[in-house]
Amino acid sequence: MPFTVLGPLGCEHAGERIGLPKGNSAVVLAMLLVNAGRVVAVDTLVDAIWGERPVETAHKQVQMLISGLRRCLAPLGEVIATVGTGYALQVAPEEVDVQLFERRVAEGRAAVGREEPQQAAYLFYRAEEMWRGSTAFADVPSTTLEGERRRLDELRQTAIMERIDVELDLGRHDTVAVELGCRVRADPLNERLRAQLMLALYRSGRQREAADVYRHGEQVLQSALGEPPGPQLRQMWQRIARRDPRLSYREHTARPTAVPCGLPAKMGPMVGRRSELEAVRIALTRRDCDALPVVGITGRGGAGKTALAVTAAHEVTERYPDGTLFADLGRVRSADRVLAGFLRALHLPEAEIPEGTGRLSETFREATMERRVLVVLDGVACAKEVETLLPTGSANAVIITSCVPLTELTGVRRLTLEALAPDAAHDLLAESVGAQRVADEPDAAEGIVGICEGLPLALRIVGARLAAARHRSLQWLLDRLADERRRLDELQFGGLSMRACLESGYDVLTDRQQDMLHAVAALGARTFRAWEAAAAAGLGLQEAEDLLDELVALGFLDASGSEPRFRCHKLVLLFLSKRPYCSAASWRHKRRRTQPAAGHPSLVGPSRFSPDLTAGGHTMTPTHPLVPPPRSW
């Protein structure tokens, strides 16, 4: 782990410590570490060093301090990036000890919630091991950091006491009594530690010593604070004095089986989605009524629905101690297979898993009635698909992701994901490839963001490609993406693929919706009105309007204005251009499409429309059953 702040400021590389400068340089580095991965403005650094009385050359001195730190940290690479009017330290969370410490504390608390005390004690111990001194930022002279230093010190102390509670539950009272004696002598006013010591002594058969600890605490508190012991300490003494049987150690009975945890790994920070993430988290943790909490996340393919659902689920797992169940319905459409998998994950004996959707659904509801589980249904194709997969009871919760609006479902907290705003898309690209590389090629970065249409999936794909090929420039990838014939081929990396994402959304369309989509694709990337789509599809105006509205809801089209003009997304057009389409419905409409649309006698059929996907110097014509194929590209 390169950077340490839990004690004196430190840095290691290849097993050897790097000598860090002291004074103002240490303040700057500490501020960058506290905000690792985020931009710290120069004015913020000036305030941290000089407070309310900065010197006239403050900004210049900050630049010099940054240059010195870059030279010092050169063995780690270019870790300090200039971003606008500030600087950012580009390191992964696990490369700063404070990030790992807080994560282990959170994991320890989650293990307590799952009633896994041995795992919880282990995680709390691992968190304590991160500390190399008595206080954080021990050698950094800055009052600005005082609040963060105090917060970390208090979190450390709280985590220690939570770990001791767990160890007392595990019957380790003899061992912790020795440790607690030292801690109480070091912090005699801490009543929680003193109560823990009294309990450990009592369970070790040392009731008289427990009484002495209480009386000594009573004297110390009266002398130092002029107050008697608080209610927690007094209650512990009263229970010890009357030998309350509930204080006796009871051997911990572990759950007979492990709880299921079927969630995929978290997919990185939610850049540009913090408000949506908070909305999902609140919906899953708030209990305003007795109804089952259900959150429906919808949006076009590649908008980041799965990433948001998985991240939100990870953040609330401690509220669902009986486990998390995850089903990728884009891959497994069979409700029977999904339900049987859920029941096995809940450790139902194989002999008790019935056959048939109805019986499986009933058994699943019975199995979850007295549990607290979180169910994530990813890639739902229609509302009917959800009905048999819902658990019973308001203590459970469900997250659904889908390209369809799911308006038929009642009692669902719906959240529609739009494409990222340009600034957020830019930040997501910078998070993937590094802020410095984006700052070095701003025009290429802007071009890539535009081609990706603000879709997190597309941005993560290009980010992953550039991160894996650090010797390549952003301009190199932009030039490859500019070739529309290969754009979707370029937008895939590892298991990520924009084409596969579009394919899964396309597959849930009805024949009529596919007919309409291919028909308007022949109109190209320009905007069009409903009557033009009606003529292209050979349909009546009202029927065409209904289909257009459905395609907008499904994320294949955009609509704007009170008398809407529609537009097909460029990536959708490119996908359709490589997908020949010849459904029976299309051929049935072939003759009708060459006739004028009702109410527009002057309009002729699709042969009058020349699809134009011009962008980046390339022109393409989509493949369409009713449009003559081009002789050559």
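The values are calculated or read from the model by the stated rules, or taken from the named source; none is laboratory data. Everything quoted here is computed from the prediction, not taken from an experiment. A quick note on method: Cβ atoms are made from the backbone with ideal geometry, for glycine too, and the neighbour counts reach across all protein chains shown. Ligands, DNA and RNA are excluded from the accessible area calculation, which covers all protein heavy atoms including side chains. Shrake-Rupley method; radii C 1.70, N 1.55, O 1.52, S 1.80 Å.
The stretch between TRP50 and ARG333 holds 95.7 nm of extra length on full extension. This uses 0.36 nm per residue minus the Cα-Cα distance.
Across the chain, C-alpha contacts under 8 Å between residues 6 or more apart give a mean separation that, scaled by the residue count, equals a relative contact order of 9 percent.
Adding -39500 (n - 2.57) for every DSSP H run of four residues or longer, then dividing by how many residues the chain holds, sets the calculated 222 nm ellipticity at -14500 deg cm²/dmol. Here LYS60 is the anchor, and the lysines within straight C-alpha reach of less than 21 Å, apart from those fewer than 8 places off in the same chain, are LYS22. Note on LYS305: lysines with a C-alpha under 16 Å away, same-chain residues under 8 apart excluded, are LYS266.
How high is the FRET efficiency from ALA14 to LYS60, r the C-beta distance, R0 41 Å, rounded to 0.05? E between ALA14 and LYS60, to the nearest 0.05, is 0.75.
Please compute the net charge surrounding ALA36, taking Lys and Arg as +1 and Asp and Glu as -1 over other residues with Cβ under 14 Å from its Cβ. With Lys, Arg at +1 and Asp, Glu at -1, the net is -4.
Between amide H atoms placed 1.01 Å from N, distances below 5 Å from LEU417 occur with THR298, GLY299, all of them 5 or more places distant or on a separate chain. Positive contributions from Lys and Arg (+1) and negative ones from Asp and Glu (-1), summed over other residues with Cβ under 14 Å from the Cβ of LYS578, come out at +1. Among the trypsin sites (Lys or Arg not before Pro) in the range 48-133, those located in a DSSP loop and surrounded by at most 14 other Cβ atoms within 10 Å of their own Cβ are ARG132. Round to the nearest 10 and report in Å² the accessible area of ILE282, as given by a 1.4 Å probe over the protein chains' heavy atoms. That residue has around 50 Å² of solvent-accessible surface. With r as the distance between the Cβ atoms of THR392 and LEU225 and R0 = 51 Å, compute the FRET efficiency 1/(1 + (r/R0)^6) and round to 0.05. Plugging the Cβ-Cβ distance into 1/(1 + (r/R0)^6) gives 0.50.
If you plug the beta carbon distance of ALA41 and GLU318 into 1/(1 + (r/R0)^6) with R0 = 45 Å, you get a FRET efficiency near 0.85. In this simple spin-label model, placing a label point 7 Å from the Cα along the Cα-to-Cβ direction at both THR175 and ARG286 gives a separation of 4.4 nm. All other residues whose Cβ lies under 15 angstrom from that of ARG486 are scored, Lys and Arg at +1 and Asp and Glu at -1, for a net of +2. Site pair ASP549 and ASP483 shows an inter-label distance of 4.4 nm when each label is modelled 7 Å from Cα along Cα→Cβ.
If both residues of a DSSP beta bridge must be in the chain, then about 50% of such bridges are antiparallel. Computed with a 1.4 Å probe over protein heavy atoms only, the accessible surface of the chain comes to 48 Å² per residue. Net length available on complete extension from ARG132 to ARG185 is 17.0 nm, with 0.36 nm assigned per residue and the Cα-Cα distance removed.
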